[in-house]
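Reading through the structure tokens given below for one structure.
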């Protein structure tokens, strides 16, 4: 009878996510994962064929964490502003995950439109279209502008030792958001 497996694929995936979260994606390797799990590198490398597969599992977990973090609550007065604030706050609070998701060339070779065609964006676009009472295409165009500003703010916070000033960030996002709304009404 073969010995019972002690280190599972899920354990390695969870550990890889935690290594990225705590130490950054540049420190994700079999050694750091095995240290986190308290085992040798053999079980880590046995559960996945390559470190790239482990990296992909960590990326999927980071992406789910990010999506759950940024989605507005039903009680939010303005879901789109809440989404933007949550996105920026994620960049500040989860610096390593933010950099892993958005600053590792995952989107290399794609154009900005690829972001808008991502099926994972549909829930966000529905929130925006509903909140603004516009069609999906208009919501898509407005989202791109709003996203670029929120992403810029989040990147500044994720990559620098800047202070997080939620009121200032709220004002910046409100300016962009309400400017887009006014602009749409004028068309």
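Every number here is computed from the coordinates shown, using simple stated rules; none is lab data. Remember, it's a predicted structure, so these values are computed and weren't measured experimentally. We place every Cβ from the backbone using ideal geometry, glycine too, and count neighbours over all the protein chains shown.
Structure notes:
- The angle between the Cα long axis of helix 51-70 and the main principal axis of the chain comes to about 40°, on a 0 to 90 degree scale.
- Spin-label model, residue 110 to residue 23: label points 7 Å out along the Cα-to-beta-carbon direction sit 2.8 nm apart.
- Panel order for 117, 89, by other beta carbons found within 10 Å of each beta carbon, from fewest to most: 117, 89.
- Inter-site label distance for residue 42 and residue 182 at 7 Å from Cα along Cβ, in nm: 6.8 nm
- Highest mean packing first, where packing is the average number of other Cβ atoms within 10 Å per residue, the peptides 78-87, 31-40, 147-156 line up as 78-87, 147-156, 31-40.
- Maximal additional length on extending the residue 93-residue 141 stretch stands at 14.5 nm, based on 0.36 nm per residue less the C-alpha distance.
- For segment 144-187, the residues whose backbone nitrogen is under 18 Å from a point 7 Å from the Cα of residue 133, taken along Cα to Cβ, are 178-187.
- Between segment 113-162 and segment 18-95, the Cα center-to-center distance that results, in Å: 20 Å
- Pairwise label distance in nanometres, residue 51 with residue 76, each label 7 Å out on the Cα-Cβ vector: 3.7 nm
- Rounded to 10°, Cα long-axis angle of helix 79-93 versus longest principal axis of the chain: 40 degrees
- FRET E, pair residue 6, residue 60, Förster distance 25 Å, beta-carbon r, rounded to 0.05: 0.60
- Considering all different alpha carbon pairs of the chain, the Kirkwood hydrodynamic radius works out to 18.3 Å.
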